Amino acid sequence: MKKIIVSIVVAVLVVGAVGGGIWAYRYNKDSHLVAEVMPFSYIGYIGSWYESGETTYGVVQSSMTQDIYLDSQKLLNEILVQPGDAVDVGTPILSYDATLVELELESKRLQISTMELQLQKLEKELQELNNTKPVAAAAAYVENGDKALSLTGGTPSQSVPVGSEEPQDSGAMDPATVLDENAQPLDGDGSEESPYRFLIPDTAQITGRHILDFWGYGQDGELTEALGFCRYEHYEADDPEGTLLYAWTFSGKDLESAVDPASNVNLSISVRALENGVVEIAIAQEVLPCAGTVQLNIGPYFGSGALTMVGGGESQQIVATGDTYITFQAKAGGVYRLQDSAMPEPEPLPEPEPGPIGPTKDELATLIREKEDEIRDLALEKKLQELELAKMEKRQSDCTVVSKVKGTVKSVGDPEIHDGSPLVVLAGEEGFYLAGTISELQLESVGVGQEISIQSWTSGMVYIGTITEIQDYPTSGNEYYGGNPNVSYYPFQAYIEESEGLTEWETVEVSMTGQAPGASDIMFLDKSYVREENGQKYVLVAGDDDRLEKRYIKTGRVLYGSQIEVLEGISESDRFAFPYGSTAKENVRVKDCDMNYGFR
């Protein structure tokens, strides 16, 4: 036994020594490695340049005329130029009264702010719902022979009160037990003297649509003048020639409002004898659409005479007729108690034990879904209002009309004369202009004042232009060398200040590359310094201890096939190592690269 233990210990020591030796070998081997690192400025750059990924085409023009018409929908405030005045691109020409536009803007901003507050409130309510623990569903039952009868409407497994938003699935029930708008009365004309008469089984339910159509509400849910009376009769063994067990009579005049057409009402009634001559009557439907008159056979329990009934929140004195039927008003479902009036007043029904407070699991899921739908709808409406605000802000900026050409004021008309001629005409004199079109897909990212890159097909030279106008309405197509037939194209105009070498009517290629208004600084890195591992991109950078460390980064688009946008993970002060080769390992020592020979 001791020999076995000694052998095991020796084996463990040998394995440990071998593993330690391998680690030491690798450590000593890597300790001699040195990786060269470069500063960010040599392999990357930061700029405010925008690249749309699309090119278009245009035609160079040597001069441009701008006709400015009076906007009849606005109130002219002032003409700011005179004939012969020199103008540059962006020179104000005339202005409109912006008072009304500013009032509309303020109202729109207030509306959006209100929506934002509503969204915050709804999101807080949604969070509270998500943090709510559902309660167990509780159902109240009374015994009825060998089975339990739900007092919340429907069968014990299905319970939907009047007004429920979710209809009961009647597909699981015998179709004969459901009376809908297509039910045919046995007889009657709907009057009080001759109500519509329906035969029902003990498990009968009537739909909300049936109530609307037969009790006095039309298809539109409005109360009609022809208020209907309906009587629902249940016979022993469902034989109309047999003994009537109970009957309901309802009138549309007792309805206070239209019921949900998707809801169901359970008309079932059960009777059982208790001690001391008390009879308990259970009406299955707890919430009735309105008060109904019940005719009930109590022959097995009482003879004719005065009886007292307690239930539905009140006490009623009723009389049993010779054939032992009683008639009483039921304003609500639940349990009623009946006894001979000569007996002492029956004790009040015990108050039901309070159930758990809060929504059940299904109710909570419905509330959460409804709240999410409400948030989504409001967020969409807020987005639409924000788009409308952007349009209004553009209209506000349009209250000052500026020059889109560099030249002189050719003429200024009389604003009181409305003959269809331009109010102000500007003639371009210096520089070249570009006329082209842009795709509707670029409208959100390209704007007036943005610089574009223009390449001459004749000389190959590249020029910088500035967009001075994008028209509000599209052309019938991209008139310059075709285009995507599935999108619209909008004419634009650009001014080329440094235009030496260009000729009039020359065709050029246009790249929407330039400084976009409001663009923030963007960081780009040489793509060869970025590697990927398990779907994540990373770089090797020098740490504070002058050893390489692997740093995962978040990247964006790739420009020109060689530069990759880095959204987060690096800074301008980082030093980068080439992530390939024998030195591309974590913890390898670093040294700054010789800038004269270190370019890769």
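The values are calculated or read from the model by the stated rules, or taken from the named source; none is laboratory data. Predicted model only: the values in this text are computed from it and were never measured. Cβ: placed from backbone, ideal geometry, glycine included. Neighbour counts: every protein chain shown. Each accessible area value is taken on the protein alone, full model and side chains, heavy atoms only, with ligands, DNA and RNA left out. Shrake-Rupley method; radii C 1.70, N 1.55, O 1.52, S 1.80 Å.
Peptides 524-534, 415-425, 437-447 ranked from most to least packed, by the mean per-residue count of other Cβ atoms within 10 Å: 437-447, 524-534, 415-425. On region 69-112, 52 percent of the accessible area sits on carbon and sulfur atoms, based on a 1.4 Å probe.
The phi torsions of region 576-589, fed into the Karplus equation with coefficients 6.51, -1.76 and 1.60 and a -60° offset, translate into couplings of 10, 9, 5, x, 10, x, 5, 8, 7, 9, 5, 6, 6, 5 Hz, rounded to whole numbers, with Gly and Pro shown as x. Per residue, the accessible area of region 229-310 comes to 38 Å² when a 1.4 Å probe rolls over the protein heavy atoms. FRET efficiency for the pair ASN276 and GLU192, taken as 1/(1 + (r/R0)^6) with r the Cβ-Cβ distance and R0 = 45 Å, rounds to 0.70. Residue by residue, region 499-511 carries 3J(HN,Hα) couplings of 10, 4, x, 7, 10, 5, 6, 6, 8, 10, 9, 10, 10 Hz when phi is fed to the Karplus relation 6.51 cos²θ - 1.76 cosθ + 1.60 (θ = phi - 60°); x denotes Gly or Pro. The solvent-accessible area of SER573, taken with every protein chain present and a 1.4 Å probe, is close to 100 Å².
Within the accessible area of region 356-405, what % is carbon and sulfur when the probe is 1.4 Å and the other protein chains stay in place? Using a 1.4 Å probe with all protein chains present, region 356-405 comes out at 57 percent carbon and sulfur. So how much accessible area does LEU105 have, in Å² to the nearest 10, using a 1.4 Å probe? We get 0 Å² for LEU105.
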